[in-house]
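Below is one structure; the comments refer to it alone.
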Amino acid sequence: MSAKYYIIEFKGYHRNYYYNYLDLPLKKGEYAIVQAERGEDMGRIVRSLTVNEAESLLDDNLPNILRVAGKDDLDRLRFNRQKEEESFEECLHLIGERELNMKLVDVEYQFDCNKITFYFTADKRIDFRELVKDLASIYRTRIELRQIGVRDEAKRMGGYGCCGLPQCCSNWLNDFKPISTQLARDQNLSLNPSKISGNCGRLLCCLLYEQPIYEQLKSKFPSPGSKCEVCPGNATVINIDIFNNKLICRYDDGYEEKLPLREYRKRLRLKERGKLKKEIVNKKNKSKRH
C-alpha cells in the first residue's frame, strides 16, 4: 500500500508536503505532477513521511499529487528550463533599461506555464510595478517578482560548504533561524568572517545546531573567570578545552596549570568528602558537649 504523504522538491530546492489521494505507487527520485495554486506543477519525490510525521499533517488541507510524470511531461520540463534561461536574459535587459537597483537570481516556470516567478535580491524595497507590466506584456501569463534574502539565494543556487558536503540549506535544512556571533564565541572559534561564514556571506548554519553539544560539554567544567576550588592557593580558571578535557588555571604569581578534567573532578570529590567529614566531626562534638 502506497504512503499517503510525500515531500516533493522543486527547482531551487524548494520543498512542500503533498497528499497522495489516489494511492499512486510513487518512488523516491521520480517526478510527479502536483496540484498548484492555479493549475499544475511538477517536482521530484524526495521521500514519503513516517506515521509520526504524517499525524501532524492530518488537519492540513494539503495539495494533491495528481499523477506520475510521463515522457511527455519530462520533455515539457526540459523545454521550460530552456525558456527560463531565455526569460532570465530578457528580464536582465529590462532591469538595465529601467535602471533598477536589484540583482536577478533565478527564473522559475510553473509546469503548465500559468505562472512565471522571477527571484531577485536587493538592499531595499524596489518599485517593480512597471517591470511586471513589461514582463506580462511579453509572456502573456501571470508574473510574480519575489524578493529573497542572500541565504535564500545561496539555497536556490546550491553548492558545497567548507566541510566538503552539499550545503545544508540545499540538502535538508528547510527553515532559516537567527544566528549570532555569540555562538562562535561560545564555541571558541575565530571571529574571522571568512572562517565562520557560509557561501551566502552569513554566519554558518551549523553553528546553531552544533551549539547544544557545546553547552552539554561545557556544563561539566567550571566557568572561565571563576575561582578554582581545587587548586592549592588562589587560582582562577582562565580557559577550558572541551576537546582535550582540560581547564587552564592561573595563579596570582602568573603561573598557569593545565588541569585534566578527570583530575579536577577527582580533587573536587575529595574536597567534598573532607568537608563532609568535618561536618560529621563537628556535629559529634556538639552532641557530646550537650
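Filtered by the rule that a residue be within 10 Å of Cys205 (Cβ to Cβ) and of a type in the set (A, V, I, L, M, F, W, C), the stretch 155-173 gives Cys168, Cys169, Leu173. Based on what the data block shows, is Asn52 at pLDDT below 95, loosely packed, with under 10 Cβ neighbours inside 10 Å and under 17 Å from Leu22 (Cα atoms)? Here the answer is no, as Asn52 does not meet what is asked. With the structure loaded, tell me whether Ile143 is β-branched (Val, Ile, Thr), touching a Phe, Trp or Tyr at 6+ places or on another chain (Cβ under 8 Å) and in the same structural domain as Lys124 (by TED's automatic domain parsing) or whether it fails that test. When the stated conditions are applied, Ile143 passes them.
Look through the stretch 134-150, keep the residues that are of a type in the set (Lys, Arg) and exposed (fewer than 13 other Cβ atoms within 10 Å of the Cβ), and return whichever of them is nearest to Cys200 (Cα to Cα).
Kept after step one, since they are of a type in the set (Lys, Arg), are these residues of the stretch 134-150: 140, 142, 146.
Retained after the next criterion (residues that are exposed (fewer than 13 other Cβ atoms within 10 Å of the Cβ)): 140, 146.
Numbers: Arg140: 34, Arg146: 18 Å.
Here the answer is Arg146.
Answer yes or no as to whether Phe120 is in the same structural domain as Ser137 (by TED's automatic domain parsing), part of a loop (DSSP other than H, G, I, E, B) and under 28 Å from Gln167 (Cα atoms). Here the answer is no, as Phe120 does not meet what is asked.
Among residues of the stretch 64-106 being in a loop (DSSP other than H, G, I, E, B) and without any contact (Cβ under 8 Å) to a residue 24 or more places away in the chain, the one that is nearest to Gly43 (Cα to Cα) is Gly70.
Looking only at the stretch 1-49, filter to residues that are hydroxyl-bearing (Ser, Thr, Tyr), over 15 Å from Leu62 (Cα atoms) and surrounded by 15 or more Cβ atoms within 10 Å (Cβ to Cβ); which one of those is modelled with the highest pLDDT?
Looking only at the stretch 1-49, we keep the residues that are hydroxyl-bearing (Ser, Thr, Tyr), and these are 2, 5-6, 13, 17-19, 21, 31, 48.
With over 15 Å from Leu62 (Cα atoms) added as a condition, the list becomes 2, 13, 31.
Keeping just the survivors that are surrounded by 15 or more Cβ atoms within 10 Å (Cβ to Cβ) gives 13, 31.
Details: Tyr13: 92, Tyr31: 97.
Filtering the stretch 1-49 for residues that are hydroxyl-bearing (Ser, Thr, Tyr), over 15 Å from Leu62 (Cα atoms) and surrounded by 15 or more Cβ atoms within 10 Å (Cβ to Cβ), the one modelled with the highest pLDDT comes out as Tyr31.
Condition check for Asn52 on (1) out of contact with any helix residue (DSSP H, G or I) (no Cβ under 7 Å at 6 or more places or on another chain); (2) under 25 Å from Tyr109 (Cβ atoms): one failure, at (2).
The set of residues from the stretch 174-192 being modelled with pLDDT of 90 or more and in a helix (DSSP H, G or I) comprises Thr181, Gln182, Leu183, Ala184. Among the candidates Leu131, Leu189, the residue that is within 30 Å of Ile242 (Cβ to Cβ) and surrounded by 13 or more Cβ atoms within 10 Å (Cβ to Cβ) is uniquely Leu189. Report yes if some residue within the stretch 25-40 is under 26 Å from the mean Cα position of the chain (by Cα), under 19 Å from Gln110 (Cα atoms), among the charged types (D, E, K, R) and not in a strand (DSSP E or B); otherwise report no. Yes, because at least one residue in the stretch 25-40 is under 26 Å from the mean Cα position of the chain (by Cα), under 19 Å from Gln110 (Cα atoms), among the charged types (D, E, K, R) and not in a strand (DSSP E or B).
Would you confirm whether or not the stretch 268-277 contains a residue that is surrounded by 13 or more Cβ atoms within 10 Å (Cβ to Cβ) and either at pLDDT below 85 or under 27 Å from Gln187 (Cα atoms) (or both)? It would help to see each step written out before you state the result.
Quick first cut of the stretch 268-277, residues surrounded by 13 or more Cβ atoms within 10 Å (Cβ to Cβ) only: 268.
From what's left, either at pLDDT below 85 or under 27 Å from Gln187 (Cα atoms) (or both): 268.
Scanning the stretch 268-277 turns up at least one residue that is surrounded by 13 or more Cβ atoms within 10 Å (Cβ to Cβ) and either at pLDDT below 85 or under 27 Å from Gln187 (Cα atoms) (or both).
Just to be sure before I move on: is Phe111 in contact with a Leu (Cβ under 6 Å, 6 or more places away or on another chain) and touching a residue at least 12 places away in the same chain (Cβ under 8 Å) in the structure I sent? Here the answer is no, as Phe111 does not meet what is asked. Annotation note: Cβ proximity below 6 Å between a residue of the stretch 1-13 that is free of Cβ contacts under 8 Å to residues at least 40 places away in the same chain and a residue that is crowded, with 18+ Cβ neighbours inside 10 Å and of a type in the set (Gly, Ala, Ser) (sequence gap 6+ or interchain) occurs for Glu9/Gly43. Residues that are loosely packed, with under 15 Cβ neighbours inside 10 Å, of a type in the set (S, T, N, Q) and either at pLDDT 95 or above or under 28 Å from the mean Cα position of the chain (by Cα) (or both): does the stretch 81-93 have at least one? Yes, the stretch 81-93 has at least one match. Restricted to the stretch 164-173, and to residues there that are modelled with pLDDT of 90 or more and in a loop (DSSP other than H, G, I, E, B), the residue that is surrounded by the most Cβ atoms within 10 Å (Cβ to Cβ) is Gln167.
Can you find a residue in the stretch 139-153 that is of a type in the set (Ser, Thr, Tyr), at pLDDT below 90 and closer than 30 Å to Asp106 by Cβ?
Kept after step one, since they are of a type in the set (Ser, Thr, Tyr), are these residues of the stretch 139-153: 139, 141.
Add one more test, that the residue is at pLDDT below 90, and what stays is none.
No: the stretch 139-153 contains no residue that is of a type in the set (Ser, Thr, Tyr), at pLDDT below 90 and closer than 30 Å to Asp106 by Cβ.
The values are calculated or read from the model by the stated rules, or taken from the named source; none is laboratory data. Here the structure is a predicted model, which means the values were calculated and not measured. Heads up, the Cβs are rebuilt from the backbone with ideal geometry, glycines too, and the neighbour counts pull from every protein chain shown.
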